[in-house]
Amino acid sequence: MKKIPVWIDTDTGVDDAVALLVASKLEEIELIGVSAVAGNTSQENAFRNARDVLALAGKKEVKVYPGAKKPLVIDLHTAEYVHGSNGLGGAQIPLSDAPVQEKKAWDALYEAAKEYEGQLVVCPVGPLTNIAIAIAKHPDIVHMIKELNVMGGAIIGGNVTPCAEFNIYSDPHAAENVMKSGIRVNLFGLDVTHKAYLDDDDIDAIASFDNPASKLFIDSNHLLYESRAKLHWKGVCEHDSCPVIYTAHPDWFKGHKCGIYVETQGKITFGKTVSDLYTDFKFEDRHCMAFMDVDRELFSQKIIDTYRQF
Ligand code: RIB
Ligand code: CA
């Protein structure tokens, strides 16, 4: 079976780490490269965390490239309240001894997109700053990336404001440029990622494996556990694993064709992903899919099976 070439752009927080570990074990995909972007935590933390998580996964040959240290226009606002001061909820894992890459994310991504001649699937799971810079610096990249499977936004709702989700809200100008670029976007917003959760039994199963990966999961998720109790969530949402698992198992998700653009001028709506999914008015350019449902049993079992293998 021909593996799908995949690139992950990440602000390597707690759920990003799960997505990287899942990607490292999915037999349907080949992880071509990873790039770090500021978001949940600093770019420096995201860069180090991605390297270290890949080394823990036995994949230190997968190169990690440094990216943007701040959004295109607004200031950086990180999310220590969820991801802790080091991005992994304070969890400590061994440092990778892989060679440190100095090439910038947007240049490395462009080279990979050229090499894979239109077949590269890119999974941005943090703010879209690196992707926007890659498009601005290398405009022909829009013809070389097969699709962007993006964790971000929400057709309805938000988790930073009532209208905006963290990745988009963190750099709405980058997100606006990416949505207008014409690259096909499969959007995994909160509509579906809030259904993509691990419940108590799932978490107990992961803990029971008692290996370095499961220890990282347990040690890094404590802030999310606390939030969950307060917000009465059904479980711990694995937002960033949605685009990654979709790439290998698209039939586990249900999406709808629509146009999606980003609000960058509003006060109350700043950072909102505005779609025509539920409106009579339809955008002229509707090159997106908004994913709204997932088979949670298959999704959560895939994550559990990932942790069993370490
Ligand atoms: O809103 C959820 C998203 O914000 C996830 O990517 C999480 O890692 C944070 O970056
Ligand atoms: Ca993320």
Which value, in Å³ per residue, describes the convex hull spanned by the Cα atoms of segment 1-97? 87 Å³
Within the under-13-Å Cβ sphere about Pro172, not counting Pro172, Lys/Arg +1 and Asp/Glu -1 give a net charge of -2
Among Gly271, Ala229, Ile304, flag the residue with its Cα farthest along the positive direction of the charge dipole of segment 216-310, charges on Cβ as +1 for Lys/Arg and -1 for Asp/Glu. Ala229
Could you provide, to the nearest whole Å², the per residue accessible area of the chain with probe 1.4 Å? 41 Å²
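Among residues other than Phe283 whose Cβ falls under 14 Å from its Cβ, what is the net charge (Lys/Arg +1, Asp/Glu -1)?
Once all neighbours under 14 Å are counted, the net charge is -2.
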On the principal axes of its Cα set, how long, how wide and how thick is segment 154-310? Give whole Å, largest value first. 51, 32, 24
Could you let me know the centre-to-centre spacing of segment 47-64 and segment 107-130, using Cα atoms, in angstrom? 18 Å
In Å², nearest 10: area of Glu61 left accessible to a 1.4 Å probe: 120 Å²
Quick one: which of 285-294, 206-215 comes out on top by average Cβ neighbours within 10 Å, and what's the full order, highest first? 285-294, 206-215
Could you tell me the extents of the chain's C-alpha atoms along the three principal axes, largest first, rounded to whole Å? 52, 43, 41
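How high is the relative contact order of the chain, given as a whole-number percent (alpha carbon pairs under 8 Å, six or more residues apart)? Don't skip to the answer; put the middle values down first.
Values: 727 pairs, mean separation 59.7, N = 310.
Contact order relative to length: 19 percent.
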Per 10 Å bin, what percent of the C-alpha pairs of segment 100-234 does each bin hold, from zero upward? 11, 32, 28, 24, 5
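Please give me the summed charge of the neighbours of Gly58: other residues whose Cβ is under 14 Å from its Cβ, Lys and Arg +1, Asp and Glu -1. Numbers along the way, then the final one.
Values: positive: Lys25, Arg51, Lys59, Lys60; negative: Asp52, Glu61, Asp97.
Counting the neighbours of Gly58, the net charge comes to +1.
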So what is the calculated 222 nm ellipticity per residue for the chain, using -39500 (n - 2.57) for each DSSP H run with n of 4 or more, over all residues, to the nearest 500 deg cm²/dmol? -10500 deg cm²/dmol
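The values are calculated or read from the model by the stated rules, or taken from the named source; none is laboratory data. Since we're looking at a predicted model, the values are computed, not measured. FYI the Cβ positions are ideal-geometry reconstructions off the backbone, even for glycines, and counts take in every protein chain you see. Please note that ligands, DNA and RNA were not included when accessible areas were found on the heavy atoms of the full protein model with its side chains. Shrake-Rupley method; radii C 1.70, N 1.55, O 1.52, S 1.80 Å.
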